[in-house]
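For reference, the structure is listed below as structure tokens.
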Amino acid sequence: MNFTGIIIGLATFIIIGIFHPIVIKAEYYLGSKCWWMFLLSGIIFCALSVTIDNLIVSTILGVTAFSCFWSILELKQQKERVRKGWFPKGPGHK
């Protein structure tokens, strides 16, 4: 049996689940100007992904990289949700 797809699928599910509250907390405490941290993290994870020989680890690092990139968009959308009053304003809103 080959469990590679199941492992990668589960890891992707967990990574997406972890990034959801990270984006909310980052926007709350730092505001939307912290987008560059997600960009830098994504670039680092991409670089790691292409240097790793193990298929599963490389794929999980790639998924993490693009979750970081997607979080930039989500950060801007979270700012809009806060503006609409769906989420509270935090100290990152000056």
Inset, instruction - Show 20, 93 ordered by accessible area, largest first, where the area counts protein heavy atoms only and the probe is 1.4 Å. - result: 20, 93
Inset, instruction - Give the angle, between 0 and 90 degrees and rounded to the nearest 10, that separates the Cα long axis of helix 35-51 from the longest principal axis of the Cα atoms of the chain. - result: 0
Inset, instruction - Summarise the accessible area of the chain (1.4 Å probe, protein heavy atoms) by the percent that is carbon and sulfur. - result: 72
Legend entry - Amide H within-cut-off set for residue 31, under 5 Å, with H built and near neighbours excluded: 92
Legend entry - Rounded tilt (10° steps) of 4-30 against the dominant C-alpha axis of the chain: 20
Inset, instruction - Run the numbers on the chain and let me know its relative contact order in percent, using alpha-carbon pairs under 8 Å that are six or more apart. - result: 40
Inset, instruction - Provide the FRET efficiency to the nearest 0.05 for the residue 33-residue 2 pair, computing r from the beta carbons and using R0 = 41 Å. - result: 0.40
Inset, instruction - Determine by what factor the alpha-carbon radius of gyration of the chain differs from 2.2 N^0.38 Å, reporting the quotient. - result: 1.24
Inset, instruction - Provide the FRET efficiency to the nearest 0.05 for the residue 54-residue 20 pair, computing r from the beta carbons and using R0 = 22 Å. - result: 0.25
Inset, instruction - Skip the ligands, DNA and RNA, and give the accessible area per residue of the chain with a 1.4 Å probe, whole Å². - result: 69
Legend entry - Sequence-distant residues sharing a close amide H with residue 87 (under 5 Å, placed H): 82
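The values are calculated or read from the model by the stated rules, or taken from the named source; none is laboratory data. Keep in mind that this is a model prediction, so the values were computed, not measured. So basically every Cβ, Gly included, is an ideal-geometry build from the backbone, and we count neighbours across all protein chains shown. These area figures cover heavy atoms from the full protein model, side chains too; ligands, DNA and RNA do not enter into them. Shrake-Rupley method; radii C 1.70, N 1.55, O 1.52, S 1.80 Å.
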